[in-house]
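Working notes, beginning with the structure itself.
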Amino acid sequence: IATIRRDARDYAGAIIALGKALTKENTELNAQLQYEIAECYEANGELAKAVEAYLAVPYLYTRGTFWGVRAQLKCAQLFERMERFDDAKKLYEKLAGMDIEESSFAGQRLEWLRWRDQKQQ
């Protein structure tokens, strides 16, 4: 149902459907569902709610490592869009310090943000 609603751009309906499927259990599936909720908020232009939902993924569902990393990366990108560059840097620093595939990208974004800061001074 959530997929149908999301495909129809009924993001509020998709969020409700995903929320009904979500449980409090620390599982990979719940991490994915929480991530998809965040995506719906983002697609609907509700960036503050999207940030909150993305940050909930690694916080509530630690077993969903893949989704947690992905959510933190998306959240850092949203922080950039919202011009919350210090918050973006913090997440990129965390990701860059991990031994994961996304570390390289996070390091590149961190370098760009530092360059941007120097240029503005």
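Since every read-out is calculated from the coordinates, none of them should be taken as a lab result. Since the structure is predicted, the reported quantities are computational estimates derived from the model, not experimental observations. Counting neighbours? That spans all protein chains shown, and the Cβs are built from the backbone with ideal geometry, glycine included.
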The chain - Rg and Dmax from Cα coordinates, angstrom: 15.3, 50
Out-of-range pairs (alpha-carbon distance over 20 Å; input Lys89/Lys119; Lys74/Lys119; Lys20/Lys94): Lys74/Lys119; Lys20/Lys94
Starting with the highest mean, order 54-63, 16-25 by the number of other Cβ atoms within 10 Å, averaged over the residues of each peptide. 54-63, 16-25
Quickly rank 34-40, 79-85 as a protection proxy: mean count of other C-beta atoms within 10 Å, highest first. 34-40, 79-85
